[in-house]
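Quick notes on the structure that follows.
Laboratory data are not the source of any read-out in this text; all were calculated from the coordinates shown. Everything numeric here is computed off the predicted structure, so don't read it as measured data. Here the Cβ positions follow ideal geometry from the backbone for every residue, glycine too, while neighbour counts run over all protein chains shown.
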Amino acid sequence: MEKVDVIVVGGGLAGLSAAYGLAAEGLEVILIERGDYSGAKNVTGGRLYVSPIRNMYPELWEDAPFERPVTREFITLMGEGNSTTIEFAADKFAAQPYQSYTVLRATFDLWLSEQVMEKGGMVIVKQRVDDLIKEGDKVIGIRAGEDEIGADITIIAEGVLGLVANKAGLRELPSWKDHAVGFKETLELPKEVIDNRWHLAPDEGAAHLFMGGVTKGMLGGGFLYTNKESISLGIVLGMKDAKERVDKIDIYTLLDDFKANPTIAPLVADGELVEYSAHVISEAGLSGIPQLWGDGYLMTGDAAGLALNQLYTVRGMDFAVASGYYAAQAIIEGKKQNDLDAVGPAYEKMMKESWVLKDFETAKNILHFIENPRIFSHYPNAVGRLFDRVFTLNDQPTDSIYTKVMSSVKKDFMNVTTAKELLGMRKI
Amino acid sequence: MKIIVPVKTNPDLQMVRIKNRQPVLEAVPYILGDLDKNAVEAALQLQAEAGDTQVIALTLNQGNRKIKDTMKEALAMGADEAYIVTDDALVDTDQAGKALAIAKAIETIGGADVIIFGEGSHDGYSGQVGPRVAELLGVPEIGFARKLTPGGPGIQAERSMGDFIEVLEAPLPIVITVASEINEPRIPTLMNIMKAGKKPSTDWTLADLGLEAADVAPKNKILSNLAEEQDRKNIMLEGDVNAQVAALIDALTREGVLEA
């Protein structure tokens with residue numbers, strides 16, 4: 001059996017990040033990707049936080065094919081017959097170094113795979129890894145069709161479903177109940193139109209989130225990210241909520257309803273649909289992370305359950321890059337010390353001591369918090385009712401602004417349920 | 001025996017979008033055309049039957065920035081060696097220019113016993129380059145072969161003539177173009193993809209072939225290349241279901257979609 005230093009299963013951000021770090025140190029690394037090219041099968045809502053990972057591969061981000069830096073944040077609460085939008089802009093978000101960028105994976109991952117090859121890593125596409133080869137409990141390589149290749153360490157970066165790892169008995173198949181489904185359209189719009197609609201200076205970008213009516217009260221939300229000359233518009237929906245809905249909504253109709261909403265329609269008008277994609281997202285948080293390593297292998301990215309719903313954002317790509325980076329660092333050190341047994345524990349230690357697993361620890365109660373349906377139905381409507389009161393003027397004597405606000409606040413916010421929910425918020 | 005397979009790498013047509021009736025080629029990856037893969041496969045099968053045969057893949061780079069990677073696919077299928085001719089003058093050349101460059105490249109490689117083309121390219125599909133190369137080299141040509149066997153004075157080829165099958169024998173050297181039904185191109189295995197990176201690949205420019213840009217200057221000019229525009233008929237059928245079905249069948253029959 002032919003043998004190399006490291007085999008990486010899967011050419012998404014986690015796998016590519018690991019392969020890049022390893023190849024840059026001169027290790028013999030082979031990355032195997034099932035799609036026609038890296039990025040062909042990958043989906044993101046649209047935003048990569050670079051701040052957390054900037055120092056990992058500082059030379060990389062300078063020339064990366066980002067779409068736009070996010071300089072403006074919008075949050076829209078969609079109530080019945082109204083919507084409330086908060087627009088936030090900060091000078092620091094509009095200055096270098098930008099903390100996050102919008103990205104399109106087909107471009108971004110393909111570019112990163114080229115960087116891996118430039119460093120001497122071998123990226124093989126259109127090949128499916130069928131099995132991990134084990135000797136006792138130790139993973140010693142992979143099987144693809146008739147071919148077997150051995151490796152000192154196999155990095156599992158196969159994505160959220162974890163089919164290969166599951167087949168080898170390294171992790172359970174994830175339960176659908178702990179997952180959300182994300183689906184989105186990419187709509188082409190001229191650059192200037194995007195700038196105008198989101199109040200952007202040229203080459204700056206916006207992130208726009210929606211909650212409430214967009215999911216008809218189900219756990220989840222809508223998102224809209226501005227790319228160079230297109231927007232990514234989509235919905236993330238908790239599978240459990242979607243399946244257990246009594247009135248059975250066909251989820252594919254949500255996106256059409258979303259686009260037809262009076263608040264959204266003018267934003268997406270004349271956008272030409274150029275791509276449709278969908279993906280599964282882990283919502284299990286900390287409890288969805290399996291054992292990160294075993295004899296002969298490391299788990300990274302979505303395959304290691306590294307996706308996190310932080311309510312105002314769903315993160316995954318920065319975790320993927322970071323886990324790939326730490327996997328590479330652990331292997332490089334293990335090779336240097338000629339102690340491969342130290343690789344797994346070192347990787348786990350780095351993950352635990354860094355922001356990666358700490359952020360999962362911090363966010364562990366969010367999941368419980370957002371299981372409360374009132375967040376997706378009562379509050380978006382309550383905020384809408386409040387402003388409806390404030391802005392309504394008719395032929396009757398008008399109430400004082402204080403009366404208007406307080407009557408709404410008393411009715412919708414000053415009650416025991418909200419007080420309990422506020423207390424619950426302390427944990428998130 | 002030495003077999004040269006001139007192949008063309010072209011934009012992946014599945015990835016090409018049409019905008020304002022023009023193809024959007026930006027960021028579209030290049031691939032080896034399906035018919036080119038048939039030609040490589042035919043060469044590999046001849047190699048397996050004849051033994052002691054070298055298979056060389058040859059290509060002209062017409063603007064594929066990653067042509068080395070694309071050509072690796074031919075090497076991963078099993079070709080022994082690759083030659084890539086890159087020159088700005090080749091980007092906008094025509095069939096005559098391409099045929100001249102390929103013929104010169106074949107001579108520079110040292111000639112071949114069998115030269116196999118796909119019946120046409122995956123994108124332009126003029127089907128001219130193979131026969132033109134035969135003419136330039138002064139060797140016979142068999143077009144649209146659907147089966148090849150070493151034997152007789154050199155090679156036997158079958159061609160489908162519609163109602164009957166024509167079997168031809170020809171001496172070597174010869175140019176052959178193959179039809180898509182000749183074989184099912186193999187999908188490279190992981191191991192062969194890994195080995196492909198280590199196989200020899202030679203880069204040439206037109207000067208290496210003793211040619212200048214003027215030699216391959218196009219003799220014809222493409223005036224426009226527009227996607228076909230077709231308006232939908234937008235026929236609304238009225239009446240009850242039975243009447244609508246009858247009207248639909250009637251309309252489809254008149255269009256020739258259904259047989260009367």
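Can you give the average number of partner chain beta-carbon atoms within 10 Å of each beta-carbon in peptide B:188-197, as a whole number?
Mean shielding by partner chains, rounded to a whole number: 5.
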Approximate spin-label separation A:W355-A:M1, in nm, with each point projected 7 Å along Cα-to-Cβ: 3.9
Descending semi-axes in whole angstrom, ellipsoid equivalent of region A:59-166, from the Cα gyration tensor: 41, 21, 12
Separation of the B:K195 and B:E107 label points, Cα + 7 Å toward Cβ, nm: 3.5
Size of charge dipole - region A:177-282 - debye, nearest 20, with Cβ of Lys, Arg +1 and Asp, Glu -1, no other charges: 500
Rounded to 10°, Cα long-axis angle of helix A:105-118 versus longest principal axis of chain A: 30
Rounded Å value of the spacing that divides the Cα centres of region A:307-345 and region B:1-78: 38
Translational D in µm²/s for region A:287-347 (Stokes-Einstein at 20 °C, 1.002 mPa s, Kirkwood Rh from C-alpha pairs): 175
In region B:131-226, the trypsin sites (Lys or Arg not before Pro) that fall in loop regions by DSSP, at most 13 other Cβ within 10 Å: B:K198, B:K219, B:K221
Eligible lysines near B:K98 by straight Cα distance, threshold 17 Å, same-chain separation 8 or greater: B:K8, B:K219, B:K221
Anisotropy class of region A:159-247 from Cα gyration tensor, a/c 1.5 cut: oblate
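Beyond 20 Å between alpha-carbons counts as too far, so tell me which of A:K119/B:K66; B:K2/B:K104; A:K41/B:K68 fall in that bin. Walk me through the numbers before you get to the answer.
Numbers: A:K119/B:K66 16 Å; B:K2/B:K104 16 Å; A:K41/B:K68 24 Å.
Result: A:K41/B:K68 exceed 20 Å.
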Modelled FRET efficiency - R0 25 Å, A:T392 with A:D91, Cβ distances, 0.05 increments: 0.10
Trypsin sites (Lys or Arg not before Pro) restricted to DSSP loop in region A:1-66 with at most 16 other C-beta within 10 Å: A:R54
Per-pair calculated FRET efficiency, R0 = 22 Å: B:R17 and A:D36 via Cβ, rounded to 0.05: 0.85
Theoretical gain in end-to-end length, B:V257 to B:E166 [0.36 nm per residue, Cα-Cα removed]: 29.4 nm
Descending principal axes extents, the protein assembly as shown, alpha-carbon based, whole Å: 104, 79, 51
Top of A:I155, A:I53, A:I86 by mean-square fluctuation, Gaussian network on chain A, Cα under 10 Å: A:I86
Computed [θ] at 222 nm, deg cm²/dmol, chain B (DSSP H ≥ 4; -39,500 (n - 2.57); rounded to nearest 500): -9000 deg cm²/dmol
Given charges at Cβ of Lys, Arg, Asp, Glu: the protein assembly as shown dipole, positive-most of A:A144, A:S51, B:G151: A:S51
10 Å binning of all Cα-Cα separations within region A:200-286, expressed as whole percents from 0 upward: 14, 46, 30, 9, 1
Counting DSSP beta bridges with both ends in the protein assembly as shown, the antiparallel % (nearest 5): 60
Label-to-label distance, nm, for residues given as A:Y402 and A:Q291 (7 Å Cα→Cβ offset): 6.5
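Under unit Cβ charges (Lys, Arg +1; Asp, Glu -1), what dipole magnitude, rounded to 20 debye, does chain B have relative to its Cα centre?
680
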Angle in degrees between helix A:343-353 and the longest Cα principal axis of chain A, rounded to the nearest 10: 20
Region B:2-216 shape via C-alpha gyration tensor axes, a/c threshold 1.5: rounded
Förster-model FRET efficiency, 56 Å R0, B:A27 and A:R245, C-beta, rounded to 0.05: 0.90
Among A:L292, A:I231, A:I251 - extreme Cα towards positive end, dipole of region A:219-366, charges at beta-carbon: A:L292
Sites matching trypsin sites (Lys or Arg not before Pro) across region A:243-279 that sit in DSSP coil, with at most 10 neighbouring C-beta atoms within 10 Å: A:K248
Geometric extent, Cα atoms of region A:357-426 - Rg, Dmax (angstrom): 16.4, 58
Cα centroid of region A:1-68 to Cα centroid of region A:352-428, whole Å: 40
Most mobile listed residue (B:Q244, B:Q54, B:Q62) in chain B, GNM with C-alpha springs under 10 Å: B:Q244
Nearest-ten-degree value, helix B:67-77 long axis tilted from longest Cα axis of chain B: 80
Three-way shape label, region B:168-214, alpha-carbon gyration tensor, a/c 1.5: oblate
Rg and Dmax of region A:117-206, Cα atoms only, in Å: 21.0, 61
Selection from A:N415, A:Y402, A:N381, by position along the positive dipole direction of region A:368-425 (Cβ): A:N415
